[in-house]
Each structure stands twice: as structure tokens, then as C-alpha cells.
Amino acid sequence: MDYFAHDTAVIDTGCSIGKGTKIWHFSHVMSDCIIGKACNIGQNVVISPSVILGENVKVQNNVSIYTGVVCEDDVFLGPSMVFTNVINPRSAVNRRGTYSKTVVKKGASIGANATIVCGHDIGEFAFVGAGAVVTKMVPAYALVVGNPARKIGWMSEYGHRLEFNSEGIAICPESNETYKLLNNTVKRI
């Protein structure tokens, strides 16, 4: 085994788990999941069947990742955040097989207690604030907060708020990387 799983973790059959991944106390990885290298799955995490996590994904304690979710490399999922996978759930109506897909793109961070309503992708290096409820697509590098989540700014790949000058240029204070804002879209240049 090239990964670590605590004695209390449950890993169902058919899962692929990458080298160096750690799965902590009381977590359940259900059948047919793909978990990349060097991931960290905190305690009391539920990863439903067929979920895909890229490399270096950090999943904090008490997170629920339901079928239909794909997290690309370097994604951060904060404590107790949750995904949904059915837009109109009813206890008496079986909607298995009609799960909506949600993709969290490379480098995105989702804060503690946030909820991602299914079918709304999170862009590369986007930052979803703690407690936010995402009800629409989040653009790359966007900072969104509130219920419903609304864009209040932009973030660098290092997680710093970007301040754009009159030419639409911003520089990350930590990495010194340069970003361009044009037509309500941010790109690193």
C-alpha cells in the first residue's frame, strides 16, 4: 500500500488511491473513487461512489463529497463544507442516476461551512469564502462570499486579494506574479 489509512477509515472496493495520500479517522471512501497522489483526507469525511480527486487535494474534517463531484489538482476543501448532487431532492423520489456534475478546477479553495449547489463549477484558483452558498458558476480567480454567493473581488494563485490599477494590472504581494483584468475575466500574465 502506497498510501496511509487510519485503522478506523473505511475504503470500499474498486478505489484507486495515489501514493502518499493520507486518510484519517472515521472517514469513508466509497466504491470506485479515484484519489490522486499526496492528498490529505481529514477525519469524518465521506467521499461517495465514483468521486474523482486530483493530486494534492486537501479535504478538511467533516466534509461530504457526493457522487458527481470532480476536484482537480491542488484543491482545498475547508472544514464542514458540503457539495450537493441533486437540485430537487425528495425522500420519496429516487433520483439516483440523475446526479448533477460539479467540477472544482485546479487550485480553487472552498472555505469552512460553504455549500456548493450542484451543477455550478468553481473556476481555477477561485476562492469561496467561509459559509458561502454557491448557486451559480464561479469564475477563475474570483472571490465570492455570502448567501447566495456573490463576487466581491479577485484572488491570486497564492491566495491574496488582487488590487487592479487603472490599466487592469495587479501584482500578487507574495509571488510577484502579474494578473490582467479584462472584460470581467482575470488571467495571470
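The values are calculated or read from the model by the stated rules, or taken from the named source; none is laboratory data. Only a predicted model underlies this, so the values are computations on that prediction, with no experimental measurement involved. Glycine also receives a Cβ, built like all others from the backbone with ideal geometry; neighbour counts cover every protein chain displayed.
Numbers below:
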{"item": "Qualifying residue in the range 157-173 (condition: in contact with a Cys (Cβ under 9 Å, 6 or more places away or on another chain), closer than 23 Å to Gln60 by Cα and free of Cβ contacts under 8 Å to residues at least 24 places away in the same chain)", "result": "yes"}
{"item": "Filter pass, Ser100 being small (Gly, Ala, Ser), within 16 Å of Tyr66 (Cβ to Cβ) and either exposed (fewer than 12 other Cβ atoms within 10 Å of the Cβ) or out of contact with any helix residue (DSSP H, G or I) (no Cβ under 7 Å at 6 or more places or on another chain) (or both)", "result": "yes"}
{"item": "In the range 47-93, the residues that are among the basic types (Lys, Arg) and under 14 Å from the mean Cα position of the chain (by Cα)", "result": "Lys58"}
{"item": "Counted residues, the range 14-43 - those being in a loop (DSSP other than H, G, I, E, B), free of Cβ contacts under 8 Å to residues at least 24 places away in the same chain and farther than 15 Å from Asn62 by Cβ", "result": "12"}
{"item": "Boolean, Gly107 is in a loop (DSSP other than H, G, I, E, B), buried (at least 22 other Cβ atoms within 10 Å of the Cβ) and either modelled with pLDDT of 95 or more or touching a Cys at 6+ places or on another chain (Cβ under 7 Å) (or both)", "result": "yes"}
{"item": "Among (1) in the same structural domain as Ser50 (by TED's automatic domain parsing); (2) of a type outside the set (Gly, Ala, Ser); (3) without any contact (Cβ under 8 Å) to a residue 24 or more places away in the chain; (4) under 22 Å from Ser48 (Cβ atoms) - the single one Lys136 does not satisfy", "result": "(4)"}
{"item": "In the range 50-60, the residues that are in a loop (DSSP other than H, G, I, E, B), without any contact (Cβ under 8 Å) to a residue 24 or more places away in the chain and surrounded by fewer than 23 Cβ atoms within 10 Å (Cβ to Cβ)", "result": "Ser50, Asn56"}
{"item": "Positions within the range 52-75 being in contact with a strand residue (DSSP E or B) (Cβ under 8 Å, 6 or more places away or on another chain), more than 14 Å from Gly20 (Cβ to Cβ) and of a type outside the set (Asp, Glu), in sequence order", "result": "Ile52, Val59, Gln60, Val63, Ser64, Ile65, Tyr66, Gly68, Val69, Val70, Cys71, Val75"}
